[in-house]
Amino acid sequence: VQLQACGGGLVQAGGSLRLSCTGSGRTLSSYVMAWFRQAPGKEREFVAAINWTAGGTDYIDSVKGRFTISRDNAKNTVTLQMNSLNVEDTAVYYCAVSSYRYRWSRRAADFGSWGQGTQVTVSS
């Protein structure tokens, strides 16, 4: 499956951005979809995930209450709405699709398809 992400950019602290990721080549409705990020000099980290029915979500603590992940299975898309951004959110954001049908995970090793990454920069 190929994933194409878009929506990154430069925003001031306190602002908002919306990331979108569209998959092609396979129907993604049976798979967990997620967002990860990698800041300069840091390991890639999990940000948010959503299960195949969109009935379950998970977030790292630092984004809870500020970020919202959603999906549209008819369009093979996953979206990350990011509000109240701060400088610590600056990173390259990657969308990803699990390698396993109907298996919940937030481990990067369980995600076999990745988008190309989109830069999010938050200025103070």
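Quick notes on this one:
- Total residues in the stretch 61-82, condition under 14 Å from the mean Cα position of the chain (by Cα), loosely packed, with under 15 Cβ neighbours inside 10 Å and assigned to a loop (DSSP other than H, G, I, E, B): 1
- Note on the stretch 1-56: among residues that are among the aromatic types (Phe, Trp, Tyr) and in a strand (DSSP E or B), the one that is nearest to Cys95 (Cα to Cα) is Trp35.
- Residue in the stretch 14-35 that is out of contact with any His (no Cβ under 9 Å at 6 or more places or on another chain), within 12 Å of Ala96 (Cβ to Cβ) and open to solvent by 20 Å² or more (accessible area, probe 1.4 Å) present: yes
- Thr53, sole failed condition from (1) among the β-branched types (Val, Ile, Thr); (2) under 21 Å from Asp110 (Cα atoms); (3) modelled with pLDDT of 95 or more: (3)
- Options Ser124, Ser29: the member that is polar (S, T, N, Q) and touching a helix residue (DSSP H, G or I) at 6+ places or on another chain (Cβ under 7 Å): Ser124
The values are calculated or read from the model by the stated rules, or taken from the named source; none is laboratory data. The structure displayed is predicted, hence computed values, not measured ones. Note that each Cβ is placed from the backbone with ideal geometry, even for glycine, and that neighbours are counted across all protein chains shown. Just the protein is used for accessible areas: all its heavy atoms, side chains included, with ligands, DNA and RNA removed. Shrake-Rupley method; radii C 1.70, N 1.55, O 1.52, S 1.80 Å.
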